[in-house]
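Below is one structure; the comments refer to it alone.
The values are calculated or read from the model by the stated rules, or taken from the named source; none is laboratory data. Please read these numbers as outputs of a predicted model, since none were measured by experiment. FYI the Cβ positions are ideal-geometry reconstructions off the backbone, even for glycines, and counts take in every protein chain you see.
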Amino acid sequence: MKGRYIFGRAAIAAAVLLWIINALMWYTGSDNVVEAFTSNAEQYGNARIIAQGKYGTVYLNDNAKAIILEDMADKIGAVRYTIETKRGQDEQTTTLYQEGTNGSVECIIQTIESKAADQSIKAEQYLQ
């Protein structure tokens, strides 16, 4: 008689468990038992790191700017980048850019030129 009592309790426990699983599946709208107990919520993050500074007043040609940007890319692990230079009237911007699946990298050297009182051209370099 005792063995029959244990089997009866197990059957009741199994029935209650199946009822709970069925209720969870109905509540979540899932047809799969595993999906009823798991959460597939994905969280996407966004971060932006900005560093700016003045490099100096020395003139840097395009080759020197490319070397500086390539060294910066090497330090942060960027390997598939492009370098582009845009010129304005009194400024020049050299940009290293890499687009990835999880983010992007952008390093900029901006040169701003101005005329000094003695008509010489003064160049200031800024890193972003």
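If a residue counts only when it is modelled with pLDDT under 70, which helices (runs of 4 or more DSSP H) contained entirely in the stretch 1-94 have at least 1 such residues? Full working, then the answer.
Values: elements: 2-28, 33-37, 62-76.
Qualifying helices (runs of 4 or more DSSP H): 2-28, 33-37.
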Which numbered condition trips up residue 105, out of (1) in contact with a Leu (Cβ under 9 Å, 6 or more places away or on another chain); (2) within 13 Å of residue 127 (Cβ to Cβ); (3) without any contact (Cβ under 8 Å) to a residue 60 or more places away in the chain; (4) not aromatic (Phe, Trp, Tyr)?
(2)
Could you tell me which residue of the stretch 102-128 is farthest from residue 85 (Cα to Cα), considering only residues that are hydrophobic (A, V, I, L, M, F, W, C) and assigned to a loop (DSSP other than H, G, I, E, B)?
117
If you go through the stretch 57-80 one residue at a time, how many are surrounded by 10 or more Cβ atoms within 10 Å (Cβ to Cβ) and either among the hydroxyl-bearing types (Ser, Thr, Tyr) or touching a helix residue (DSSP H, G or I) at 6+ places or on another chain (Cβ under 7 Å) (or both)?
1
Which condition number in (1) β-branched (Val, Ile, Thr); (2) exposed (fewer than 14 other Cβ atoms within 10 Å of the Cβ); (3) farther than 13 Å from residue 111 by Cβ is the one that residue 83 fails?
(2)
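Can you name the residue in the stretch 98-112 that is farther than 29 Å from residue 58 by Cα and among the hydroxyl-bearing types (Ser, Thr, Tyr) and is also surrounded by the most Cβ atoms within 10 Å (Cβ to Cβ) among such residues?
Residues of the stretch 98-112 that are farther than 29 Å from residue 58 by Cα, as a first pass: 99-104.
Cutting the leftovers down to among the hydroxyl-bearing types (Ser, Thr, Tyr) gives us 101, 104.
Working: 101: 5, 104: 11.
Filtering first and then ranking leaves 104.
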